[in-house]
Every structure is written in structure tokens, then in C-alpha cells.
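Each remark here refers to the structure printed beneath this line.
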Amino acid sequence: MNGGSNRPDAAKSEPKSNDAEQSAAQAKEIQEEEQKERQFENQGKVFQNQIKVEKGKIIGIQNHMVSLKNQFDAWSTSFSQDSDAPACWTSTYYTPYYKSWCDAGRNLKAQYDAAQAQLTQERAHLEEMQESIRRKGYGNAIYDPD
């Protein structure tokens, strides 16, 4: 009967090594989870910066549009005293007298229209970025900073 007494001791030592393995596995899982959280946070900061850059572009375009509008208004005002100013949008535009000063107004209007199209495009891009970031599980502090 003494020959079987070694077996219970061996059985007792096995759970101890099993407990150590489980603790090591749990520690590894916790470490991996913390690493995933850090990666998630770091990626969130990258997304947040991208959103801020895109918003900066939009503000820049808006400021440019205000400047163009002010220039066009100044141009319009300076020529509103001239009864021939409406000629810029008629066939008489092509006469040498009207062409040079009409081009200034037309160019300002064309730049304004182009900036408006770009603004629409950038706003759509911003919305796409925000939606993509939101779907990845980030909160509004990331996809809508400020």
C-alpha cells in the first residue's frame, strides 16, 4: 500500500504547475488586451488629428470664399455707378472696352464658384471620415473634436 502513496503527491504538484500556467496565460491575455487598448487609443489620436486637419482645410476654404466675395462685391460696387456694367453678361462683353474690366469680375466669380465646389467636396470627405471613424468604435471626442 505504500507504493501508491507517491501518486497523491504527484497529483498535488500537477495542479500547482497548472495554476502557474493559468496565471501566466491570464497575465499574457491582460498584457495583450492592454496593448490592444494602447493601439486603439493611438489610432484614435491619429484619427483626431486627421479630422482637425480636414476641418482646417474647410475653414481655409471658407475664409478664401469670404475674401473672394468681398473682392467681387468691391468690384461690383466700383462698376455699379457705370450704366454699362451689365454689359459684362451680354454679347457686348467681347468688345475691347468691356473685356478687360469684365474679366476681373468673371474671374472672381469663377474662383468663388470653384471654391464653393471644393468646399462641398471637402465637407463630404469630412463626413465620410467621421462616419468611418464612428463605425470603428470611436466616440465623438475623436471624430468631432473641438
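Starting from the Cα-Cα distance between VAL66 and GLU127, subtract it from 0.36 nm times their residue separation and give me the gain in nm to one decimal.
Values: separation 61, 0.36 × 61 = 21.96 nm, distance 2.26 nm.
Answer, rounded to one decimal: 19.7 nm.
Across the stretch 38-53, in residue order, what do the Karplus-derived ³J(HN,Hα) couplings come to in whole Hz, using 6.51 cos²θ - 1.76 cosθ + 1.60 with θ = phi - 60° and x for Gly and Pro?
My calculation for the stretch 38-53 gives 5, 4, 4, 5, 5, 5, x, 5, 5, 4, 4, 5, 4, 5, 5, 5 Hz in order.
How do TYR138, TYR143 line up, fewest other C-beta atoms within 10 Å first? Mind dumping the intermediate values first?
Numbers: TYR138 18, TYR143 21.
The order, fewest Cβ neighbours first, is TYR138, TYR143.
What is the distance, in nm, between label points placed 7 Å from the Cα along the Cα-to-Cβ direction at ARG106 and at ARG134?
Once both label points are built, they end up 4.4 nm from each other.
Cut-off is 10 Å between beta-carbons; in what order do ASP103, ASP19 appear when sorted fewest neighbours first?
Details: ASP103 13, ASP19 10.
Sorted ascending by nearby Cβ count, the order is ASP19, ASP103.
A short reminder: the numbers here are calculations on the coordinates, not readings from a lab. Predicted model, so just to flag it, every value in this text is computed and none were measured. Heads up, the Cβs are rebuilt from the backbone with ideal geometry, glycines too, and the neighbour counts pull from every protein chain shown.
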